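Heads up: the structure comes next, in structure tokens.
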Amino acid sequence: MGSVDIFGRLTIDSLPFYSLIAASGAGVTVLGGLSVVGVITYLGAWRLVLFEWLSSLDHKKIGIMYVMLALVMLVRGFVDAAMMRSQQAIALNSEGYLPPGHFDQVFSSHGTIMIFFMAMPFLSGLVNLIMPQQIGSRDVAFPFMNAVSLWLTTAGAVLVLISLVIGKFSTAGWSGYPPYSGVEFTPGVGVDYWVWAVFISGIGTTMSGINFLVTIVKCRAPGMTMFRLPLFTWTIFVTAILMIFAFPALTVATAMLMLDRTLDMHFFTNGMGGNMMNYINLFWLWGHPEVYILILPAFGVFSEVVAVFSQKRLFGYLSLVLATMAIGLLSFTVWLHHFFTMGSSARVNSFFGTMTTIISVPTGVKVFDWLLTMYRGRIIFKPPMLFTIGFLVTFCIGGLSGVLLALPPIDYMMHNTTFLIAHFHNMIIPGVLFGYLAGYMFWFPKAFGFKLNEKWGTRAFWCWIIGFYVAFMPLYLLGLLGMPRRMEHYEIASWQPHLIVAAFGAFIIMLGMICLGVQLWVSIRDREQALDLTGDPWNGRSLEWATSSPAAPYNFAVLPKVEGLDAWWTMKQTGVAYQRPEKYEDIVMPKNTFVGPVIGGAGFAFGFAMIWWIWWLALLSLAVIACGLIVRASNDNDECVMTASEVKAIEDARFAQLAKAPKNEMADDPGFAGEPMQEPAT
Amino acid sequence: MSSIAAMTVSPREAERYEEKEFGFWLYLMSDAVIFALLFATYLIMVGNTAGGPTPKDVFSLERAAAETALLLLSSTTFGIAAVSLSAGERMKVLLWLAITFLLGAGFIVLEIGEFAGMIAEGARPQRSGFLSSFFTLVGTHGLHVSVGLIWILVMFGQVLFKGLTAPVASRFMRLGLFWHFLDIIWVVIFSVVYLPGLL
Amino acid sequence: METNAGIPIERTMKPYLIGIVLAVILTAIAFGIVATGALPRQTALVVIAALAVVQIFVHLRFFLHIDFKSTPRENLVALAFAVVLICIMVGGSLWIMFDLYHRMMV
């Protein structure tokens, strides 16, 4: 194993000076980290960052930090994608510029980052920011555990980022199949980085699932029955159940792989009684529910957006709820379709193939519900709605390719070709990513008090959707032509034109990413012209629009009483919106604490130590985590009181702002349908 | 010291304790899935002895019985501590917590002895897939019990220094859920691992 | 389970005493079957499994105080859901892996 060395197996050779590309990647990462530190120092913002943000237990701030992590990792994951597309465009009968070992790291980190450190934090961020407000709650059920989830996820992301600088990343793909990922065939730190990043962040996600579920079940405002919940919250309810019950499978699979690699056990080895297929079984037991964990919140966003921007009530509420529940349950019955080709009998394959075709039905129901919401609505084509319409068209195409793949005989031909790559990107980009980008643009004013620039949002949308088609439609063709996935170079000339087109598509997507960046820059620069003064910039329907933008720390000074579906809309219609209470009460809020980020940091240190065999550091970090938890669990004084007069001051300022606000922020929009609106009280 | 029945807390605080209990219950459900998958793996790999020791070679009925007795008894003694807590009897809580700790520690000592003995005879987790899955399944349970023992110590300290307050009582009851849950897992362990292995 | 302030109240030792007596009996029978070799192997396995299931119910009822009257509904639903999922996951895994074993000796 390791010698008793203070640095474990970490040596000077672990630094990436063996390759220019690797060194550049490391350089960019280090520079990135240093510039963040530099900017904060330059702005004199350390107090703010440490005491108001890093130590915060406020779900809204935690949500914003999650989304920031996601957006940073989106860029990082996209760089991986651009590298792959450009390599494949030129690598006909040629080495290209990426040697195989490096190319393998690139596709492995691309998938790992996009799923675990872009999509998962993005959804956790949106849920954290919005869901408690939608149910009329002041916070999630367990604010401290919420912070721990954030910081453990960040620990995992930092492990992946640091693998660029110290050591290498895994070459075993984002799924890490043994025996290749075992220590016999891939010794070294790469797979260990992957295992620990995934394991640590997975624990954070399981905790988030518990947190979200308890919040929805137990923290709703009076009158907010389950069947008055907004659709976004319903999708989170089912997503949370999936998180709680699916992540244990990933925990078990990665733990066993870890034991094989670190302690020389034989769960998945090629001999000595190992059973490699068990890894694949366990991994996909998690992996299939995981893709529904990713997509359901996006479906939730689309439900909210389509109703608000069609200026019409969401069609088929009950069918949407039942479809969501059906998807949740069925998602646990299809997992073998990820390994149809790996030796199962016809009976097993046909059972799972049948279940896979069945699971497309509830999603189809949802698509019809969304279309019927739009039908006879008065559509407003703001960016969130553009992403929604783009999703509806493009996701259905991807869904069709999925139904094809659900049939084992077809899958035998298409498995592990670029057809599969095109299929799942056809689900994830228009489905998951468009949903989260729509949510980001939809709820940005709620988070920061000003709207995002719509011109650049529209440009971002067009770049993303055109870029998506140009990048991925060729991959369907290539799959049919027989091109396998993950190819570092190839010898078939007829593939190259398609790959060049695909690379051009990646370029267009890059323009989309730039548009997103410019949008953010311009919006911050011009924020005074785009202030959201009422808290309800889109004439929304659910309770998060009842709070100010940004919301007060306690969200609602007085918890709302919910009378029906579309609670906020009903309040506006019946004239009880923006009511000023006669008196305010004290509100109890959780105190900030550094124990959360300390546990995250210790989690990172533990992972790093286990990877590099620095045993003293591993023990020390475990001790720090244990102490942190015990200290926290012995602290009966973890809340502070916001006095009624402090609350009143905040609320008075809000009502003063409302007095300056237009009656209805949407009233000037050419698409506004002119629904009678509640006048904000002065 | 007040009994739980006599405690008064704000409705908000009471809601918080209910939320924590439900949240902890959900954690136990996720833990149940982890153990279920470890059991499934064990069943899949129990025959993968790679020419090495088989279950019959390494399991001992007497030792399994002793471990079972200790753990089962400790669940009961914890229950007695819980009854004492509800009645507000602090010294009894400390006494029965201590007894529970000793019984649990005894279980761990026996289990470490079992593992050490197996390893000394060459039945190491590195010997075969069967042994890897055995050590991981039973070892994960043992790790949980060990964490439970640490929790019992922390609880002992809190009862000693803070008394039987509402937050302490709430944590105590969650520890009870954890401890009884581990006993249930042990029932499955001896029914799936030790007894069939010795048949 | 009776509660106050959101915390469960354990009034008597009765459930624990009943619980341990039942658990000891069920455990003794299971161990006895193995110690004496009284039953053929297949039957013994089924009986031991059945005894385990019964004992789990005993633990749930007498140590964890789960019943249909006083346990919050969400806890019961979570438990039921966990049981269903465990059956699907474990059952499915065993079916897949033993099917693979028969076809591929894996």
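The values are calculated or read from the model by the stated rules, or taken from the named source; none is laboratory data. Computed from a predicted structure; not experimentally measured. For neighbour counting, all protein chains shown are included, and Cβ atoms are generated from backbone atoms with ideal geometry for every residue, glycine included. In case anyone asks, the SASA skips ligands and DNA or RNA and just uses the protein heavy atoms, side chains included. Shrake-Rupley method; radii C 1.70, N 1.55, O 1.52, S 1.80 Å.
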Of all residues in segment A:223-261 being part of a helix (DSSP H, G or I), open to solvent by 20 Å² or more (accessible area, probe 1.4 Å) and under 30 Å from A:Gly136 (Cα atoms), the one that is nearest to the other protein chains (Cβ to nearest Cβ): A:Ile241
Hey, C:Ser70 farther than 25 Å from B:Phe59 by Cα, polar (S, T, N, Q) and either within 17 Å of the chain's Cα centre (by Cα) or at pLDDT below 95 (or both) or not: yes
Filter result for C:Glu10 (open to solvent by 60 Å² or more (accessible area, probe 1.4 Å), of a type in the set (Asp, Glu) and either over 24 Å from B:Ile34 (Cβ atoms) or more than 8 Å from every other protein chain (Cβ to nearest Cβ) (or both)): no
Matching residues in segment B:39-53 - criterion: being open to solvent by 10 Å² or more (accessible area, probe 1.4 Å) and either more than 7 Å from chain A (Cβ to nearest Cβ) or not β-branched (Val, Ile, Thr) (or both): B:Phe39, B:Leu43, B:Val46, B:Gly47, B:Asn48, B:Ala50, B:Gly51, B:Gly52, B:Pro53
Test result for C:Arg41, more than 10 Å from chain B (Cβ to nearest Cβ) and either among the basic types (Lys, Arg) or open to solvent by less than 50 Å² (accessible area, probe 1.4 Å) (or both): no
Residue check for B:Ala14: open to solvent by less than 40 Å² (accessible area, probe 1.4 Å), within 14 Å of chain A (Cβ to nearest Cβ) and farther than 30 Å from A:Phe268 by Cβ: yes
The one condition in (1) free of Cβ contacts under 8 Å to residues at least 40 places away in the same chain; (2) more than 7 Å from every other protein chain (Cβ to nearest Cβ); (3) in contact with a Phe, Trp or Tyr (Cβ under 7 Å, 6 or more places away or on another chain) that C:Pro15 fails to fulfil: (1)
Set B:Leu143, B:Leu195, B:Leu153, B:Leu182: member being buried (at least 22 other Cβ atoms within 10 Å of the Cβ) and more than 8 Å from every other protein chain (Cβ to nearest Cβ): B:Leu182
Checking A:Gln579 against (1) in contact with a helix residue (DSSP H, G or I) (Cβ under 7 Å, 6 or more places away or on another chain); (2) closer than 29 Å to A:Ala653 by Cα, the condition it does not meet: (1)
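Kindly evaluate A:Gly603 against the criterion of being open to solvent by less than 60 Å² (accessible area, probe 1.4 Å), farther than 30 Å from A:Trp443 by Cα and part of a helix (DSSP H, G or I).
Yes: the conditions hold for A:Gly603.
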Residue list for segment A:451-481, filter: open to solvent by 20 Å² or more (accessible area, probe 1.4 Å), more than 28 Å from A:His415 (Cβ to Cβ) and aromatic (Phe, Trp, Tyr): A:Trp456, A:Trp462
Helices (runs of 4 or more DSSP H) enclosed by segment A:353-437 - at least 2 residues per element that are without any contact (Cβ under 8 Å) to a residue 24 or more places away in the chain: A:383-405, A:408-414
Which numbered condition A:Leu452 fails, given (1) in contact with a Phe, Trp or Tyr (Cβ under 6 Å, 6 or more places away or on another chain); (2) under 25 Å from A:Glu290 (Cα atoms): (2)
Within segment A:329-385, tally of residues that are under 24 Å from the mean Cα position of the chain (by Cα), within 18 Å of C:Gly91 (Cα to Cα) and either within 11 Å of chain C (Cβ to nearest Cβ) or modelled with pLDDT under 95 (or both): 7
Which listed residue, of A:Gly596, A:Gly607, A:Gly603, A:Gly564, is at pLDDT below 95 and away from chain B (no Cβ under 14 Å): A:Gly564
Test: B:Phe107 is in a helix (DSSP H, G or I), surrounded by 16 or more Cβ atoms within 10 Å (Cβ to Cβ), at pLDDT 95 or above and within 14 Å of chain A (Cβ to nearest Cβ): no
Residues located in segment A:641-663, provided they are under 18 Å from A:Gln529 (Cα atoms), open to solvent by 60 Å² or more (accessible area, probe 1.4 Å) and outside any helix (DSSP H, G or I): A:Pro662, A:Lys663
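Search segment A:315-328 for residues being open to solvent by 30 Å² or more (accessible area, probe 1.4 Å) and part of a helix (DSSP H, G or I), and hand back the single one that is nearest to the other protein chains (Cβ to nearest Cβ).
Checked segment A:315-328; the qualifying residue nearest to the other protein chains (Cβ to nearest Cβ) is A:Met325.
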Residue that is surrounded by the most Cβ atoms within 10 Å (Cβ to Cβ) [pool: residues in segment B:110-140 that are within 14 Å of another protein chain (Cβ to nearest Cβ) and not in a helix (DSSP H, G or I)]: B:Ser128
Enumeration of residues in segment A:262-313 that are among the hydroxyl-bearing types (Ser, Thr, Tyr), open to solvent by 10 Å² or more (accessible area, probe 1.4 Å) and in a loop (DSSP other than H, G, I, E, B): A:Thr269
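Table: residues versus (1) within 13 Å of the chain's Cα centre (by Cα); (2) modelled with pLDDT under 95.
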site: C:Glu2; (1), (2): no, yes
site: C:Ile7; (1), (2): no, yes
site: C:Ala38; (1), (2): no, yes
site: C:Leu45; (1), (2): no, no
site: C:Gln55; (1), (2): yes, no
Lone qualifier among B:Leu61, B:Leu102, B:Leu72 - being within 14 Å of chain C (Cβ to nearest Cβ) and open to solvent by 30 Å² or more (accessible area, probe 1.4 Å): B:Leu61
